[in-house]
Amino acid sequence: MARTFTVSRSILVQASPSEVYAQVSRPARMGRWSPENLGATVPGPDEPAAKGLVFLGHNKRGAFRWTTRCTVTASDPGSRFAFRVHAIGLKRPRLSAPIATWEYRFEEVEASAEADAEATGAVTRVTETWTDDRRSWPDSVANTFDRIATRGQTFAVFQAGNIDRTLRNLKGELEEG
């Protein structure tokens, strides 16, 4: 079975692109929305991450926990934030290899029937994209590993669910605050 290498999902959020970007571009805050990420260890102050910043992501799936090393690859305020995961390990990321790229795009849209008719102000389409960077893995090996790691799913299907939950949680927090 051929792999799906990219999964994207979008949601409308009642906030400006710059407001949404200001939250998502702080990797330490991701644990507030993600069902799998617990946050990150980021050098320096709690501010939007600049391109080139290296941080450690802390993750869990069931009882299993691991740490990744990530590098910010895009930091375009109000427009795009992305990072590449390039090392993984239990307590420290020891195995270096291309793993995944995560990207967030922010696009202001006109309020419509899709958005809450009572709301006023900016509406942003937030698109989260996961890309499988394990291109050198044979499909059969990746599919077998994925089904073990996700309890029966491919990473593409698993990540689609994670992305949906992350975006719903982000929307909920930003629209409540």
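The values are calculated or read from the model by the stated rules, or taken from the named source; none is laboratory data. Here the structure is a predicted model, which means the values were calculated and not measured. Here Cβ is always computed from backbone atoms with ideal geometry, including for glycine, and neighbour counts include all displayed protein chains. Just so you know, the surface numbers come from the protein's heavy atoms only, side chains and all, with ligands and any DNA or RNA stripped out. Shrake-Rupley method; radii C 1.70, N 1.55, O 1.52, S 1.80 Å.
Data overview
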| read-out | value |
| --- | --- |
| Residues located in the range 151-177, provided they are part of a loop (DSSP other than H, G, I, E, B) and buried (at least 17 other Cβ atoms within 10 Å of the Cβ) | THR154 |
| Cross-chain or 6+ apart pairs with Cβ under 6 Å, the range 128-157 first and free of Cβ contacts under 8 Å to residues at least 40 places away in the same chain, then assigned to a loop (DSSP other than H, G, I, E, B) and open to solvent by less than 70 Å² (accessible area, probe 1.4 Å) | ASP146/THR154 |
| Residue list for the range 87-113, restricted to those being basic (Lys, Arg) and closer than 16 Å to TRP130 by Cα | ARG105 |
| Residue in the range 93-113 that is nearest to SER25 (Cα to Cα), counting only those that are assigned to a strand (DSSP E or B) and of a type in the set (Asp, Glu) | GLU103 |
| Those strands (runs of 3 or more DSSP E) lying entirely in the range 4-92 with at least 2 residues within 21 Å of THR150 (Cβ to Cβ) and open to solvent by 60 Å² or more (accessible area, probe 1.4 Å) | 6-13, 64-76 |
